[in-house]
Amino acid sequence: MDPSNGAAPSPYVLSLNVGRLTPAPRADAPGGVTGIDKRPVAGPLLVSAPGPKGTGGSGVEGDAVADLRHHGGDDQAVYAFAREDLDAWERELGRPLANGAFGENLTTSGLDVSHALVGERWRIGERLLLEVTSGRIPCRTFAEHVGEDRWVKRFTGRGETGAYLRVLEAGPVRAGDPVVREYVPAHGVTAAMQFRAVTTEQALLPRLLPAARALHAETLGRARAYAERHGSAGQGS
């Protein structure tokens with residue numbers, strides 16, 4: 001809080017994080033390597049659309065993605081996670097978590113990342129424009145990296161997933177850059193809801209369709225298929 005006026009601080013990039021390929025015996029990627037161990041850098045680094053999933057990796061210059069089958073690509077070009085949620089996990093786990101600890105490219109401050117709306121657009125600095133596409137699904141590599149028992153189940157249960165973003169306008173990013181929510185849609189479909197729909201609550205899938213324009217392409221296909229099979233029965237709460 002700003003003690004002078006009581007207003008909440010403006011959102012900003014607390015930390016810019018990139019990873020290099022490192023060995024991980026239980027990694028999902030061929031070759032037993034991972035890029036999840038991301039470390040803070042000052043920047044600036046260019047952020048741009050990396051290309052389609054399967055061939056495109058990270059959208060952040062110098063950031064490694066090992067398993068192109070499941071990670072990277074235009075709809076998952078950048079991963080953001082809120083420092084406030086890292087702090088909550090610190091309290092639960094009883095140990096410090098550095099910025100980048102969850103493999104995020106952007107550690108933010110003052111922004112409820114997990115409850116950002118799909119299609120919400122963030123202007124970072126003067127040129128970079130990102131768009132929220134989905135929440136993050138935890139994998140075995142993530143669990144090994146964090147090193148906590150039942151990690152996938154615990155992370156899924158909390159549902160504070162952070163958000164993947166696509167690049168609409170390329171530009172540089174550095175630690176300290178302001179984040180402006182330039183466009184916020186009215187449909188109410190959040191990254192956290194998308195995550196629940198594709199993991200533990202599939203009946204939510206049709207409720208994602210109002211966000212169809214901006215949804216991760218794989219999620220959109222699943223939502224349409226579920227709605228075709230189940231019709232209005234899929235509109236559960």
- Message: In whole Hz and in residue order, list the ³J(HN,Hα) couplings for the stretch 62-77 that follow from phi through the Karplus curve 6.51 cos²θ - 1.76 cosθ + 1.60, θ = phi - 60°; x for Gly and Pro.
- Response: x, 9, 8, 10, 8, 9, 6, 5, 10, 10, x, x, 4, 7, 10, 6
- Considering the Cα trace of the chain, what is its radius of gyration and what is Dmax, both in angstroms? 17.3, 56
- First measure r as the distance between the Cβ atoms of R20 and D87, then evaluate 1/(1 + (r/R0)^6) with R0 = 22 Å and state the FRET efficiency to the nearest 0.05. 0.25
- Message: On a full-extension model of 0.36 nm per residue, what is the gain between L168 and E228, subtracting their alpha-carbon distance, rounded to one decimal in nm?
- Response: 18.6 nm
- Query: With Cβ to Cβ distances under 10 Å as the rule, what net charge do the other residues near A197 carry (K, R +1; D, E -1)?
  - Reply: +2
- Placed amide H near G171: partners under 5 Å, 5+ positions off or other chain: V47
- Task: For the stretch 68-216, report the accessible area per residue in Å² (1.4 Å probe, heavy atoms, rounded to an integer).
- Result: 39
- Task: With unit charges on the beta carbon (Lys/Arg positive, Asp/Glu negative), name the residue among I36, Q76, G59 whose Cα is farthest towards the positive pole of the charge dipole of the stretch 10-78.
- Result: I36
- With only helices counted (DSSP H, runs n ≥ 4, each -39500 (n - 2.57)), the per-residue ellipticity at 222 nm for the chain, to the nearest 500, works out to -6000 deg cm²/dmol
- Item | Check: the stretch 1-156 dipole with +1 on Lys, Arg Cβ and -1 on Asp, Glu Cβ, in debye | 340
- Accessible carbon and sulfur surface of the chain relative to its total accessible area, %, 1.4 Å: 52
- Note on the structure: Here the relative contact order (percent) of the stretch 1-155, from C-alpha pairs under 8 Å and at least 6 apart, is 23
- Task: Would you please give the FRET efficiency between T200 and R150, computed as 1/(1 + (r/R0)^6) with r the Cβ-Cβ distance and R0 = 22 Å, to the nearest 0.05?
- Result: 0.90
- Task: Arrange the peptides 133-141, 116-124, 92-100, 205-213 so that the one whose residues have, on average, the most other Cβ atoms within 10 Å appears first.
- Result: 116-124, 133-141, 205-213, 92-100
- Item | DSSP-defined beta bridges in the stretch 1-126 - what % are antiparallel, rounded to 5 | 75
- Shape call for the stretch 104-216 from the C-alpha gyration tensor, a ≥ b ≥ c root eigenvalues: rounded (a/c under 1.5), prolate (a/b greater than b/c) or oblate? oblate
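The values are calculated or read from the model by the stated rules, or taken from the named source; none is laboratory data. All of these numbers come straight from a predicted model, not from anything done at the bench. A quick note on method: Cβ atoms are made from the backbone with ideal geometry, for glycine too, and the neighbour counts reach across all protein chains shown. These area figures cover heavy atoms from the full protein model, side chains too; ligands, DNA and RNA do not enter into them. Shrake-Rupley method; radii C 1.70, N 1.55, O 1.52, S 1.80 Å.
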